[in-house]
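Everything below concerns the one structure shown next.
The values are calculated or read from the model by the stated rules, or taken from the named source; none is laboratory data. Small disclaimer: the values here were computed from a predicted structure and weren't measured. In this analysis, Cβ positions are derived from the backbone assuming ideal geometry, glycine residues included, and neighbour counts consider all displayed protein chains. With ligands, DNA and RNA removed, areas are computed over all heavy atoms of the protein, side chains included. Shrake-Rupley method; radii C 1.70, N 1.55, O 1.52, S 1.80 Å.
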Amino acid sequence: MLRGNPSTASEQAGWALAVVVLGAVATLMLLPLVRPAIDWDARATWFQHARWFYGGGEFVQRAIGNAAHGYNRDYPPLVPATVASFWRSGAGVDHRSGQILVGILNASAVVVAALAIPRTFRLARLGPASLLMSAAWVVAAFGIAKEFGTDGYADLLWAAAATGAVLYLLVAPIESTNGSIGVVLLLVSALTKNDAIAPALVVAVLAALRYRALLRRTPWVPALSPLLVVWPLLARRFGADPLYEPGAVFDLLRGDSSVWNRLEPTLRAMRPLLLWPAAVAIFVAIVGTVALSDERRGLALGGCWRLWAVWVVACISLVAAYLVSGLTLVDHLGSSIDRTTMAAQLLLLTEIAVWSLVAMAALAARSRSGTAPEPPPRDAA
């Protein structure tokens, strides 16, 4: 670093500062972990599944196909397998250590996603503005998650990872490093919860189109795509009963009123969480597209339509999941709607943050051009 060129040293110093600031913010957000608070689903789903993995692969296979081992048995393995690995390392089966570990995973995903913001705007010369936006994004993410960021739930993990994948793969300039980080985050989201699979597939397709030139030189990356859907197939192969019954899916497609009557209550439950953020984000996107499209292209950023495509698919898949759920709708919505909408809320927050920084970059560029020194007059002689 000391022997490198000044721009490289400055960039490394900026990244070091970003890590320190965001680490401090994430630590502040993790303070609730000092108080044991482990909610019902954390014990009944995430830690129950961790017990399976603690017992070994054969036990996992038997438990997935046995209704006596609880519900949500088709959930992907990333979180329970990670917790089980920690338990097997010497901690033993302990919900408190599982809560702390899941909270750290949540914070890690949020920080990695937030670090995409200064990386996305490296060409904008915004100084500390992008770093401060990253810190604000971390605080807002934990504000959206509330107690679910530290109570042993992993919903924030998949939501933050999916949003980070959108930033690195679909918004940030096309670079191999951005693509690599984005692919890892995409796999993390899909291997954390089934809710992530539909938006993850859309991100994968859009990213493949955007990165097609690089993918020709790295064909091993597309080979990872089956990992996005392999776990649901394995879970069905091992006998897991899907939460969303195939018969209800058929009824949805043929317009059965008993299924479609669930639509209005579902939208009503989602409205206080998504309506006003969506209205603000749409307004910002329209104004930005009209006034700042050239500036956005000048920063080598991807078009905002990609983020909106992911958001629409995420919302449609979420609504469809509640329509075909075999659970009582009131109970299902009341116990999960504030968690299942996290990814949609984070995507709206990200859209607003990106356009805000594009506007700052445009103002900074105009300020620099307006105050640039005039060239000296030519010598008449």
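Exactly one residue among Ile100, Ile64, Ile117, Ile104 is out of contact with any strand residue (DSSP E or B) (no Cβ under 7 Å at 6 or more places or on another chain), under 29 Å from Ser325 (Cα atoms) and either without any contact (Cβ under 8 Å) to a residue 60 or more places away in the chain or of a type in the set (A, V, I, L, M) (or both), and that residue is Ile64. Cβ-Cβ contacts under 7 Å between residues 6 or more apart (or on different chains), taken from a first residue in segment 165-177 that is within 15 Å of Trp308 (Cβ to Cβ) to a second residue that is outside any helix (DSSP H, G or I), are listed as Leu170/Gly302; Val171/Leu301; Val171/Gly302.
Scan segment 92-118 residue by residue and report those that are farther than 21 Å from Trp40 by Cβ and open to solvent by 50 Å² or more (accessible area, probe 1.4 Å). Of everything in segment 92-118, those that are farther than 21 Å from Trp40 by Cβ and open to solvent by 50 Å² or more (accessible area, probe 1.4 Å) turn out to be Ile104, Ser108, Val112.
Scanning segment 60-80 for residues that are assigned to a helix (DSSP H, G or I) and within 20 Å of the chain's Cα centre (by Cα) yields a count of 3.
Out of Ser317, Ser367, which single residue is of a type in the set (Ser, Thr, Tyr), part of a helix (DSSP H, G or I) and farther than 30 Å from Arg262 by Cα? The match here is Ser367. Restricting attention to segment 119-130, the residues that are crowded, with 22+ Cβ neighbours inside 10 Å and either on the phi > 0 side of the Ramachandran plot or among the aliphatic types (A, V, I, L, M) (or both) total 0.
Only one residue in Ile197, Ile181, Ile174 is surrounded by fewer than 21 Cβ atoms within 10 Å (Cβ to Cβ) and under 18 Å from the mean Cα position of the chain (by Cα), so which one is that? Within the list Ile197, Ile181, Ile174, the selection yields Ile197.
Every condition in (1) open to solvent by less than 10 Å² (accessible area, probe 1.4 Å); (2) closer than 28 Å to Thr45 by Cα is met by Phe142 except one, and the failing one is (1). Screening segment 172-276 for helices (runs of 4 or more DSSP H) wholly inside it with 3 or more residues that are at pLDDT 95 or above returns the ranges 176-190, 197-210. Of all residues in segment 283-294, those that are touching a residue at least 60 places away in the same chain (Cβ under 8 Å) have Cβ atoms under 8 Å from Cβ atoms of residues that are part of a helix (DSSP H, G or I) and acidic (Asp, Glu), 6 or more apart or on another chain, in Val284/Glu351; Ala285/Glu351.
When you look at Ala161, is it part of a helix (DSSP H, G or I), touching a residue at least 12 places away in the same chain (Cβ under 8 Å) and open to solvent by 10 Å² or more (accessible area, probe 1.4 Å), yes or no? When the stated conditions are applied, Ala161 does not pass them. So for segment 293-316 (the condition being over 20 Å from the mean Cα position of the chain (by Cα), closer than 23 Å to Ala204 by Cβ, among the aliphatic types (A, V, I, L, M) and surrounded by fewer than 20 Cβ atoms within 10 Å (Cβ to Cβ)), does at least one residue qualify? Yes, there is a match, as at least one residue in segment 293-316 is over 20 Å from the mean Cα position of the chain (by Cα), closer than 23 Å to Ala204 by Cβ, among the aliphatic types (A, V, I, L, M) and surrounded by fewer than 20 Cβ atoms within 10 Å (Cβ to Cβ). Out of Ile282, Ile352, one residue alone is open to solvent by 20 Å² or more (accessible area, probe 1.4 Å), β-branched (Val, Ile, Thr), at pLDDT 95 or above and farther than 16 Å from Met133 by Cβ. It is Ile282.
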